[in-house]
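Below you'll find the structure, written out as structure tokens, and then a few comments.
The values are calculated or read from the model by the stated rules, or taken from the named source; none is laboratory data. None of the values given here were measured: they were computed from a predicted structure. As a convention, Cβ positions derive from the backbone with ideal geometry for all residues, glycine included, and neighbour counts pool all protein chains shown. These area figures cover heavy atoms from the full protein model, side chains too; ligands, DNA and RNA do not enter into them. Shrake-Rupley method; radii C 1.70, N 1.55, O 1.52, S 1.80 Å.
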Amino acid sequence: GIPQSSRKETPTRFFSTHPSRADHFTESVIREMTRLSIKHHAINLAQGFPDFPCPVELKTAACSAINDDYNQYAITWGEQNLREALATRVKDYNGMTFDPETEITVTCGSTEAMMTSMLALIQPGDEVIVPEPFYENYGPDAQISGAVPQYVQFKDDLSIDEEVWKSAFTKKTRAIILNSPNNPTGKVLSREELSFIADLCIDHDVIAITDEIYEHILYDGRKHVSIGSLDGMRDRTITIGSFSKTYSVTGWRVGYALAGREITERLRKIHDFLTVGAPAPLQHACIAALWLPESYYHDLAQEYDRKRRILFDGLRNAGFTCRLPEGAYYIFADISDFSMTDTELAHHLVEKGGVAAVPGSSFYHEGGETKLRFTFSKKDETLTEACRRLEALDI
Ligand code: PLP
């Protein structure tokens, strides 16, 4: 038999001689900051989830679904009634028509929808355009799928340099990842910008994968535009949505992918083997979310507008340079005036100031050290207390 000492060594030897794709990943900085926030009993303005409850209609519906025995696997691509309700909602709000049987797939959050989309479309070596700064997950998603990310920058004022974006499209480009309203910048792509991107996609035979998770969190009268609703884009777009942010149920893990029949066939093959489907009772409860009155969405945007202003004023009083976001629930503050890098300042704030934020570099493949991201998806009193702490801290 193997001597006792070698038995002990075996796992170490395995890890040093058999590298895996996981070795290239670092822990999500957003989730790391949440961990540090718990450790230091800080206020978590790092991770984008509400500290207030979801609508009572959703809680009631979720409890009823469990009590009514919806506790077994749902059909892999999603509970039929939910897909039908989504088809109606998407037609009314996004102006797009999808067949619930063949073109709507319910996923485990938009996180799974993005991963599934990339795995379904990408062969290792294919290029994917990722506008920067970007939501942290897109980098690892590209790595897992074998995609070669091509990063394109927004200008400092968050507008698009058309020549730079044009030159990112090559013969190898298969997809572009869009996220509007944007995390972390709050940028909302205008109809003109989306039309410009749509033309590039059509000219280069590229698919747009668009993460529209913040579609209802818009300020100053802005209206959401889905790129999939523009001429010629319906069948070359995967529109990703989620219940997480709109209904304050980030822990439920229910999202969806809308796409033409051919893309959906591919998506469902990957989705099936990755997850076997999203949580069945919570899919039932999400139908109740889609029955909420129109006033719900109006109130949601108004409440986030108030929170946006509380955090914006507080950050400015604490010495941060920032702009009001156009959508989503983050402020991407500039910290060039402080004598610390993003990571140093984030650690200082969580350890000494009792407030967690995310270092800007986690939203860039390179750079971002002069930024910190704060979320305002918190109760007003949580935000007020966080601002008080930031102002009191000598940075
Ligand atoms: N996409 C963006 C842009 C996000 O900001 C987040 C969460 O913060 C997600 C996706 C994750 O969403 P879900 O809970 O639907 O997986």
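Excluding same-chain neighbours fewer than eight residues apart, the lysines reachable from Lys378 by a Cα-Cα span under 25 Å are Lys39, Lys59, Lys187, Lys223, Lys245, Lys307, Lys352. Think of a 1.4 Å ball rolled over the protein heavy atoms: the chain then has 46 Å² of accessible area per residue. Using only the Cα atoms of the chain, build the gyration tensor, take square roots of its eigenvalues as a ≥ b ≥ c, and label the shape rounded, prolate or oblate: rounded if a/c is under 1.5, else prolate if a/b is larger than b/c, else oblate. Note, shape of the chain comes out rounded. Here the label points at Leu292 and Arg21, each 7 Å from Cα along the C-beta direction, are separated by 3.5 nm in the simple model. Only helices enter this figure: runs of n ≥ 4 DSSP H residues, each worth -39500 (n - 2.57), summed and divided by the residues of the chain, yield -13000 deg cm²/dmol at 222 nm to the nearest 500. Scanning the chain for GluC sites (Glu not before Pro) in DSSP loops with at most 11 other Cβ atoms within 10 Å, what's the longest stretch left with none? Here the longest run is 28-365. A simple spin-label model places pseudo-atoms 7 Å from Cα toward Cβ; at Asn67 and Ser167 they are separated by 6.3 nm.
Taking chymotrypsin sites (Phe, Trp or Tyr not before Pro) across region 12-50, the ones in a DSSP loop with at most 16 further Cβ atoms lying within 10 angstrom of their Cβ are Phe25.
Protein heavy-atom surface of the chain, 1.4 angstrom probe: 51% of the accessible area is carbon and sulfur, with nucleic acids and ligands not counted.
Given R0 = 22 Å, the distance between the Cβ atoms of Arg323 and His41 translates into a calculated FRET efficiency of 0.10.
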